[in-house]
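Nothing in this text is a laboratory measurement; each read-out follows from the coordinates by a stated rule. Nothing here was measured: the structure is a model prediction, and the numbers come from that model. Note: ideal-geometry Cβ built from the backbone for every residue, glycine included; neighbour counts use all protein chains shown.
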Amino acid sequence: MYKTIKTDITDKIMTITLNRPDRLNAYTELMGDEIIAALDYADENDEVRVVIMTGEGKGFCAGADLDKDASIFQSDIPIEDYRDGGGLVSLRIYELKKPIIAAINGPAVGVGITMTLPMDIRIASDNAKMGFVFARRGIAQEACSGWFLPRVVGISKAMEWVSTGRVFPAVEAKEHGLVSRVVPAEELIPTARKLAAEIAENTSAMSVALNRQLMYRMLGADHPMESHKVESKYIYWTGRNADVKEGVNAFLEKRKPEFTLKVSSDMPDFFPWWEKREFDQ
């Protein structure tokens, strides 16, 4: 089905594997299109509760494929119409209703690391290296990293990494919050799958979807009242639906819950709330 990625769905976990190992999974326009298509499928399929993204072979993603020359960064499209492909991938990840985990199994530079910034959890193997190398290539940063990176690691560290363009080890990434865990290479996928299974087996897909969008959208809010207004509608709506009853009963009966609400069809009528005028009041 795909030429540059592989997908697998097992135990409600979709694994997207970047699959150009001979090029350290270097990013191409086709890869971006295929990632977006796979994420579209994940959102539409209620059997997918969590997404994991990783790379085939020794690398996660070596950034844009520079096999030719600098023409890769040139376009004949008018500047007012041009849209960065990596940015379109990041925006699609941002819009996801499913949580997504980056399992960074080796070098991740350029778009190879910026595409992970809108992912919810980043885990790295102990042999992984990252780099925001744009200034060393004479190109600007991309994939919405100007918005995400300072929010993930703070403006000072973001400026250091982007301005120097240096490649740094996973332990430095963890020290500054770019990744939450660093594990031995052989434990990377098992660790990611264990975390994904904890989500898939114990939580309401609806609750996760609503909370994911709440927190990302509130990153730009100018007052806690904005969060309060949305949370109030969330509480009111979820309190009248089946998952809250099941969640409470499962807790009282000391068993795993069997949630039934589907994000493909059961989202509240006020979602996406950021597009509704009622929240401007």
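Where the centre of each part is set by its Cα atoms, how far does segment 213-281 sit from segment 1-69, in angstrom?
30
By how many nm would the segment from Ser232 to Lys6 grow when fully extended, if each residue of separation counts as 0.36 nm and the alpha-carbon distance is taken off?
Answer, rounded to one decimal: 77.3 nm.
If you average the sequence gap of Cα pairs under 8 Å that are 6 or more apart and divide by the length of segment 5-199, what percent do you get for the contact order?
Worked out over segment 5-199, it gives 20 percent.
As a test of the formula, what do you get for the chain when each DSSP H run with n ≥ 4 contributes -39,500 (n - 2.57) and the sum is divided by the residue count, at 222 nm and rounded to the nearest 500 deg cm²/dmol?
Only helices count here, giving -12000 deg cm²/dmol.
Considering only DSSP beta bridges with both partners in the chain, what is the antiparallel share in %, to the nearest 5?
For the chain, the DSSP antiparallel bridge percentage is about 30.
What nm value, rounded to one decimal, do you get for the distance between Lys245 and Leu30 when each label is placed 7 Å out toward the C-beta?
Each label point is offset 7 Å from its Cα along the Cβ direction, giving 5.1 nm.
Show which lysines lie in cross-link reach of Lys256 when reach means a straight Cα distance below 25 angstrom and same-chain residues fewer than eight apart are skipped.
Filter leaves Lys12, Lys97, Lys98, Lys194, Lys245.
Reachable lysines from Lys233, Cα under 16 Å, same-chain residues fewer than 8 places away excluded?
Cα-Cα hits under 16 Å: Lys276.
Springs between alpha-carbon pairs under 10 angstrom, Gaussian network model over the chain: which of Ala170, Ala242, Ala192 fluctuates most?
Checking each option, the largest mean-square fluctuation is seen for Ala242.
Let me check I've understood the local charge: for Ile199, count other residues with C-beta under 12 angstrom from its C-beta, Lys and Arg +1, Asp and Glu -1. What total comes out?
+2
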